């Protein structure tokens, strides 16, 4: 499972899906689609997709304060929120937004992202794009764009990394406890 191959698959799917739709920010156009990546891996993906699609902007959503395990995450949640805070350089009300994340598993992070997004307004439509779907849902959330479905043991975490050249790589971590 090569993250770069999966990235190119998502890019191709997004290009095909967006053919004929406006991706250019303009106050006079009402059919625009905006990208918003979940911090941190999803934000990396959104940034690169925006660059590869020649988009003028992309958003970042930090879910730290809406996580249902916020009390357990403590200071790591605070560091995450301060290192890559939510930034949505477009009007959320009435927008068509594609949320982007690296790995979809339980659905809890996406739920938190939706809560954060709705703090900024009420979008007309929200879709979800992920590189990898682990299929271990605890909430009724599914992705509209999936590069690959992946089966890993429960005790393993699939983590996205970005190297100095901006290329993506997956590595597997063992859960503590």
Checklist outcome for this item: Residues of region 139-159 being under 18 Å from the mean Cα position of the chain (by Cα) and either over 17 Å from residue 39 (Cα atoms) or modelled with pLDDT of 95 or more (or both), in sequence order, are 139, 140, 141, 142, 143, 144, 145, 146, 147, 148, 149, 150
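This table checks each residue for (1) modelled with pLDDT of 90 or more; (2) over 17 Å from residue 126 (Cβ atoms).
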site	(1), (2)
2	yes, yes
6	yes, yes
23	no, no
29	no, yes
37	yes, no
41	yes, yes
49	yes, no
53	yes, yes
62	yes, no
Next on the checklist: Looking at region 87-96, can you tell me whether even one residue there is part of a loop (DSSP other than H, G, I, E, B), in contact with a helix residue (DSSP H, G or I) (Cβ under 7 Å, 6 or more places away or on another chain) and at pLDDT 95 or above?
Outcome noted: yes
Item to check | Residue check, residue 141 in a strand (DSSP E or B) and either exposed (fewer than 14 other Cβ atoms within 10 Å of the Cβ) or at negative phi (or both) | outcome: no
Checklist entry - Could we say that residue 166 is surrounded by 15 or more Cβ atoms within 10 Å (Cβ to Cβ), at positive phi and within 18 Å of the chain's Cα centre (by Cα) here? => result no
Next on the checklist: Would you confirm whether or not region 119-132 contains a residue that is surrounded by fewer than 20 Cβ atoms within 10 Å (Cβ to Cβ), at pLDDT 95 or above and closer than 17 Å to residue 64 by Cα?
Outcome noted: yes
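The values are calculated or read from the model by the stated rules, or taken from the named source; none is laboratory data. Source: prediction; values computed, not measured. Ideal geometry is used to build each Cβ from the backbone, glycine not excepted, and the neighbour counts take in all protein chains shown.
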